[in-house]
Every structure is written in C-alpha cells, then in structure tokens.
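Let me begin by presenting the structure, written as structure tokens, before commenting on it.
Every number here is computed from the coordinates shown, using simple stated rules; none is lab data. What you see is a predicted model, and the numbers here were worked out from it, not measured in a lab. Here the Cβ positions follow ideal geometry from the backbone for every residue, glycine too, while neighbour counts run over all protein chains shown.
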Amino acid sequence: MSNLDYRVAHLRERLAEGPLAELGVQVVMHGDSVLVTGSVPSTHCRDEVERIVGEALSELPLHCDLVVAAASTPDEAEELA
C-alpha cells in the first residue's frame, strides 16, 4: 500500500469515526485527483467533509459530488390505518 493509499484509507476512517460520523461518504483516488461522493444530512456537513478532505490531501485536485439529503418535516400528517 502506497503512502497515498494509506492516507486516503485513514481519511475514510476519520470521516466515519469522527465527529461527523459520515458512513455514506466515499473517498477514492480517480487518476491524479481525489473524488468524494455520497450523501450528507446538511450543507454544513458537506462543507466540513470538503474542508477535511481538502486539508488532508491538499496537494491533489479535489472533486466533490456530495448530495445534501433533504430532511424536512412533512407538509401533511400521515394517516395510519
């Protein structure tokens, strides 16, 4: 395992086990750049993931494709049968 592979694996663990606890985020090498994909619960979380990855792998181009999952309250009450 190369130094870069180790750093990416450590970064995945940091995102999954750290304060964000983001299990739905994937960090992979894509050619000479880093690709971050997945879904997060808020724009704050998306920004934090981008910041953490950008700082950890600052020498590489970063491409983020993170989706913010909408978690709004329903407009109507659910009817139970």
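Quick look at the values:
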| read-out | value |
| --- | --- |
| Failed criterion for Ser39 (all others in (1) in a helix (DSSP H, G or I); (2) surrounded by 11 or more Cβ atoms within 10 Å (Cβ to Cβ); (3) not hydrophobic (A, V, I, L, M, F, W, C) hold) | (1) |
| Residue selected from the range 8-25 under the condition under 22 Å from Glu59 (Cα atoms) and loosely packed, with under 13 Cβ neighbours inside 10 Å, by the criterion nearest to the chain's Cα centre (by Cα) | Glu13 |
| Checking Leu62 against (1) exposed (fewer than 14 other Cβ atoms within 10 Å of the Cβ); (2) in contact (Cβ under 8 Å) with a residue 24 or more places away in the chain, the condition it does not meet | (1) |
